[in-house]
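The values are calculated or read from the model by the stated rules, or taken from the named source; none is laboratory data. Because the structure is predicted, anything quoted here is derived from the model rather than measured. FYI the Cβ positions are ideal-geometry reconstructions off the backbone, even for glycines, and counts take in every protein chain you see.
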Amino acid sequence: MRRLVLIAFLALLAGIASAQQVVEVLAQPRPEWEVMERLFPEFERETGIRVNITYFAELERRSRSRLDASSGAGQFDVYYIDEANVAEFAANGWLVPIRDYYPEEYDFDGFAPALVEVLSQDGIAYGAPITKEGDVMFYRQDLLDEHGLAAPTTLDEYLEVVQALHDPPRLYGTGTRGLRGSGMNVWRFSPYLHAFGGRYVDDDGNPVFNSPEAVQAVEYYIELILHSPSPTMSWSDVMDSFAAGRIGIVTFADLKMDTLQDPERSILPGLMGFGAPPAGPAGSVSNTSVHGLAISAPGARTEAEREAAGEFIGWFTSQENELRKVAAGWGLTNARTATFDSDVFIDAYPEAFADAMSGMLEVQRLTIVQIPEWGEIGDYLGIKLEELFTAAFSNQPYDIQAALDDAVAHAERVLGR
Amino acid sequence: MSKRQFFYVFLIPTVVVLLAFALYPLFTAIYYSLHDWDLRRTEPMAFIGLGNYLEMFQDARFLNSLRISGLFLVGTVAGSVLVAFVLAPFVHETARSHALRSACLFAFILPAVLPRVGAAYMWRLMYDPSIGVINYLFSLVNLGPFIFLQNPRLALPSIIVIDVWQWGFLLTALMMILLREVPNEVIEAARLDGTNMLQLYVLIMYPLILPLSLPLIFVKMMESLRSFDFIFVLTAGGPGIATETLDMYAYWQGLGTAGRVSYAAAMSIFMVILSIVFVTIAWRALRRWHES
């Protein structure tokens, strides 16, 4: 009997010793993560920490991580965060300040400071940036040459090019996001709102996106929708249509260049021209999006769990891995200054594209409002915009002012709740 | 063990499953609906009584979703029943051979065998303005291209058509089987009395098979009330809120984006009450009509 107890005790000890540290990650599927996942065994060998990733598409990812944090379930140690939800997560204490657990050897200060700032609240960094995006104008140089058109620099010229190239169903002048959602049509619309001189909230935080400038911006955007293949395109619909040669000119995330210059997934290599976003009455404006990895406070409860999560985030975002992403053809989904300055990065993209990106960097700004209520406010505005776009596309009557008034009234209710 | 005890023992699994998966969620939903649980906030939830229920009726988007759910229910049930009541007699009268009837049955059941989400994806492609087969057929006669799912006025009817395609044909198949069961003597007697085809069906065949087809229609009604997955794939409630049913709106408010779990729970409870009331009234009315 005594021997039996001893054996059981030893078995228990062995069990504890082999209980590996596991980092649970909630992420959103991206092509470069497939590249990274193939490198995980390397990390697991070096650290003895196992990584388990659960993927959800963008909207699901946001609601799942919120549910996980808010309910206290804490199934995940690492959240995938972005500029739109960092405010909510930080304000509720769902994230751990990242610098406290980011290993020194991986050099947190190597990230471009502007990107870290987007994932910070009140000066405290919560996320290690993994990718950023801004807007670049992509157009079909061959078609512009054919029509004898110059590359547009203003929104008026841009619309002229769109109209000149529009010859459906063979070719659509442009394609732009119409599918509703704070991160969907509202995201794509936001730089236009600012380029026309409008804004979402005034200095006191009151919603003002029913101003005459905002109405003008929507009018302009509807013109783009009317020259698109469909009024409810998602970003991937737009990218696929452009890559297939069915769209003449678009302005969207610079990141898409990695796909568009890949001959296996696009007919466009060698046919494209690039530029900074065209200027509206209030100048040229580009979105700024930053995605990052953060440590979940309810998920990583113990010091050991937080250290393991930090170790994983540090390794994932290391300089070495960023360069590996460049080599694998996903150079734009990075966040370190040294990566963007490296020769391999510079050689990977045409000079004209690099120039367009420089132009983009000069006009990049945060076009949405970083408040916890943004998701709900943006989603409602997205519905109103989708209603306008689909009504216009179907030749049905619509009223921009009434729709925006409605969305502003909704925003006031949400903010007052 | 007495016979009675024996029955009780066999009831246990059912009762446990019912408690765990039906009653427990229902009562927690009622509990949450009387509070103000918001996923965006960390402070503990407070009891607010009927606040969520009162807010619901001032919420234009909720009233819209109620209307959409109603239209979807009426459209899909009426459409399916109409297809079945017209198509079943037609096939029954024209396809006389056993092989032909079996082939028709097989073809009619096929759409319903497809998973809802699969059927939705298939139709989304078929409806596509540029690559869809429906617009291709229209283009042969120089019409179109039409947009279906992105048109605020056409979206809901387009979705109803898909539902009727699945359920109308299924009901047709079941109705054909029922028609086959009507005794020949009845039909011959009616023929001798000089009824025409319309009279034969309206006065004799339909009333005979109705008691058996009513439960089918009720199953369809219940099914129409929960078409979340199906509509989610097709339009996710859009364009705007043109196809946003009650369950879809509850999802957006609850887990989708707003994070207002309590408000969404209140909507779900309201939906449960509404379906119970509605089904009871409809059931009684149909029975009374049948008995008279």
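Here are the numbers:
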read-out	value
Residue in region A:66-85 that is outside any helix (DSSP H, G or I), among the polar types (S, T, N, Q), within 14 Å of another protein chain (Cβ to nearest Cβ) and surrounded by 20 or more Cβ atoms within 10 Å (Cβ to Cβ) present	yes
Yes/no for A:A195 being more than 14 Å from chain B (Cβ to nearest Cβ) and under 17 Å from A:I368 (Cα atoms)	yes
Matching residues, region A:21-58, being of a type in the set (S, T, N, Q) and within 23 Å of the chain's Cα centre (by Cα)	A:Q28, A:N52, A:T54
Residue list for region A:51-80, filter: farther than 13 Å from A:A297 by Cα and hydrophobic (A, V, I, L, M, F, W, C)	A:V51, A:I53, A:F56, A:A57, A:L59, A:L67
Matching residues, region A:86-96, being more than 8 Å from chain B (Cβ to nearest Cβ) and assigned to a helix (DSSP H, G or I)	A:V86, A:A87, A:F89, A:A90, A:A91
Subset of region B:134-164 (residues that are assigned to a helix (DSSP H, G or I), under 20 Å from A:I383 (Cα atoms) and within 11 Å of chain A (Cβ to nearest Cβ))	B:A155
Pair list, Cβ under 6 Å, 6 or more apart: region B:220-248 residue without any contact (Cβ under 8 Å) to a residue 60 or more places away in the chain, other residue aliphatic (A, V, I, L, M) and in a helix (DSSP H, G or I)	B:G237/B:M248
Unique match (being under 30 Å from B:Y32 (Cβ atoms) and assigned to a helix (DSSP H, G or I)) among B:L82, B:L110, B:L105, B:L66	B:L66
Hits in region A:159-178 - residues which are part of a helix (DSSP H, G or I) and closer than 20 Å to A:A243 by Cβ	A:V161, A:V162, A:L165
Helices (runs of 4 or more DSSP H) lying entirely in region A:328-388 (those with 2 or more residues that are touching a strand residue (DSSP E or B) at 6+ places or on another chain (Cβ under 9 Å) and either more than 27 Å from A:N85 (Cβ to Cβ) or away from chain B (no Cβ under 14 Å) (or both))	A:351-363
Selection within region B:220-252 - buried (at least 21 other Cβ atoms within 10 Å of the Cβ), within 14 Å of chain A (Cβ to nearest Cβ) and not in a loop (DSSP other than H, G, I, E, B)	B:L234, B:M248, B:Y249, B:A250, B:Y251, B:W252
The lone exception for B:D36 - which of (1) within 12 Å of another protein chain (Cβ to nearest Cβ); (2) loosely packed, with under 11 Cβ neighbours inside 10 Å it fails	(2)
Test: residue in region B:194-204 that is over 22 Å from the mean Cα position of the chain (by Cα), among the polar types (S, T, N, Q) and within 14 Å of another protein chain (Cβ to nearest Cβ)	no
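Here is a yes/no grid of residues against (1) in the same structural domain as A:T302 (by TED's automatic domain parsing); (2) closer than 26 Å to B:G256 by Cβ; (3) in contact with a strand residue (DSSP E or B) (Cβ under 6 Å, 6 or more places away or on another chain):
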position	(1), (2), (3)
A:A27	yes, yes, yes
A:R38	yes, no, no
A:R45	yes, no, no
A:G48	yes, no, no
A:R66	yes, yes, no
A:A84	yes, yes, no
A:P97	yes, no, yes
A:G110	yes, no, yes
A:V118	yes, yes, yes
